[in-house]
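Before any comments, here is the structure.
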Amino acid sequence: MTASPVTTPAQPTTSIEPAAPLDRTDTSGHEQVVFCSDPKSGLRAIIALHNTALGPALGGTRFYPYETHDDALADVLRLSRGMSYKNAVAGIPHGGGKAVIIGDPNSIKSPELLRAFGRFVESLGGRYVTACDVGTYVQDMDVVAETTRFATGRSPENGGAGDSSVLTAFGVFQGMRAAAQHVWGEPTLRGRKVGIAGVGKVGRILTGHLIEDGATVVVTDVNAAAVEALRETHPEIEVVSDVAALVRGDIDVYAPCALGGALDNDTVEALTARIVCGGANNQLVVEGDGGTADRLVARGITYCPDFLVNAGGVIQVSDELLGFDFDRAKTGATAIFEHTLEVLRTADEHGTSPAAAADHIAEQRMAAGSPTIWLPTR
Ligand SMILES: NC(=O)c1ccc[n+]([C@@H]2O[C@H](COP(=O)([O-])OP(=O)(O)OC[C@H]3O[C@@H](n4cnc5c(N)ncnc54)[C@H](O)[C@@H]3O)[C@@H](O)[C@H]2O)c1
């Protein structure tokens with residue numbers, strides 16, 4: 001039986017957009033924010049549920065030495081809101097949530113602390129489902145799962161799906177194929193030159209998909225060992241010294257697969273590529289009207305929103321809740337091709353940037369979801 005619904009005034013049925021937050025720590029746009037403290041293990045954490053109109057909130061746990069409590073709160077509010085949009089665009093039955101654990105994981109992370117965190121996740125009865133993020137790993141989720149049923153990103157030995165980079169890279173490749181279809185009329189990178197910045201877990205696997213598809217790949221990475229490892233598998237790759245050389249070089253597609261903030265003004269002005277499509281999170285340095293997304297449009301560059309094309313990982317962890325099935329999760333990640341085409345078409349039709357179009361699609365889906373908060377089935 002489903003518990004009686006609770007109407008939330010902050011979640012009107014016509015729009016998910018609440019009044020603009022007063023400041024970066026204003027929680028009024030979020031359904032629920034939970035402050036967690038367990039002095040015995042040293043746990044201090046915040047769990048933020050932004051919106052559960054489409055289902056239980058899903059998003060990872062970031063373990064980070066925030067300088068102030070407000071920094072941690074601002075981060076979890078921003079990240080959980082981002083997850084609402086990512087999950088909605090990915091078409092998975094989940095709302096957006098995120099957790100942050102405050103402190104240096106290298107010094108305070110312990111099984112006791114992770115178990116204490118798991119108990120707080122469990123206390124939400126399934127309204128929040130956690131996963132890995134910066135500072136938390138598959139082995140950590142195995143420990144968190146000792147005290148909660150709502151931890152994904154576990155190891156295969158513990159019923160989990162393991163490393164999410166495989167489907168993240170696959171999803172980015174699908175998004176890139178869709179952009180190629182949109183720009184050049186064919187869903188292939190054959191004969192194109194793709195520049196990848198960052199050949200870690202995602203960039204490395206993406207390189208393999210591109211070479212198999214017939215593309216030429218040029219890469220850069222600050223970690224020489226990552227480049228050498230890639231060269232051993234794919235000796236045909238070209239390597240350049242840094243990101244500045246990569247984006248100024250003669251490339252058809254730019255794939256940021258390193259850290260956030262990849263698309264600053266200088267990069268956008270220097271880009272030779274017609275398409276930007278990569279796995280890195282938070283690529284746009286200036287968000288909103290007149291920001292980086294609009295500058296890309298002005299330069300005639302097709303930008304595939306990061307949260308749209310890098311959703312393969314979240315699609316993978318959401319599948320864990322059903323009892324992980326790689327083929328089913330891969331089918332979900334394959335749909336990123338259609339989702340990207342839809343976003344690029346919508347952007348053209350409405351004369352907006354793809355980033356604004358993706359936001360709009362996500363907001364419409366959330367507005368059409370449940371008018372009440374999601375409650376666990378009893
Ligand atoms: N792994 C996933 O499933 C997943 C899911 C969604 C989003 N992402 C995002 O994708 C990006 C890559 O993730 P990953 O798991 O491959 O991380 P990773 O740490 O394995 O790889 C990142 C690589 O980028 C390189 N790098 C860092 N700074 C650089 C710079 N200035 N220039 C060139 N290279 C640089 C690093 O040396 C490293 O090899 C991140 O932004 C991550 O948040 C990853």
Close pairs from the range 232-258: first surrounded by fewer than 17 Cβ atoms within 10 Å (Cβ to Cβ), partner assigned to a loop (DSSP other than H, G, I, E, B), Cβ under 6 Å, at least 6 apart: Asp250/Thr272
Single match in Ala53, Ala99, Ala57 (criterion: farther than 28 Å from Ala356 by Cβ, crowded, with 20+ Cβ neighbours inside 10 Å and in contact with a helix residue (DSSP H, G or I) (Cβ under 8 Å, 6 or more places away or on another chain)): Ala99
Check on Ile92, within 16 Å of the ligand (Cβ to nearest atom), crowded, with 18+ Cβ neighbours inside 10 Å, β-branched (Val, Ile, Thr) and under 25 Å from Ser318 (Cβ atoms): yes
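Mind checking which helices (runs of 4 or more DSSP H) fall wholly inside the range 80-168 and carry at least 2 residues that are of a type in the set (Val, Ile, Thr)?
138-144
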Residues being among the basic types (Lys, Arg) and either at pLDDT 95 or above or closer than 17 Å to Val89 by Cα (or both) - total across the range 24-61: 2
Qualifying residue in the range 337-355 (condition: exposed (fewer than 15 other Cβ atoms within 10 Å of the Cβ) and over 22 Å from Glu186 (Cα atoms)): yes
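The values are calculated or read from the model by the stated rules, or taken from the named source; none is laboratory data. Keep in mind that this is a model prediction, so the values were computed, not measured. Positions of Cβ are backbone-derived with ideal geometry, glycine not excepted, and every protein chain shown enters the neighbour counts.
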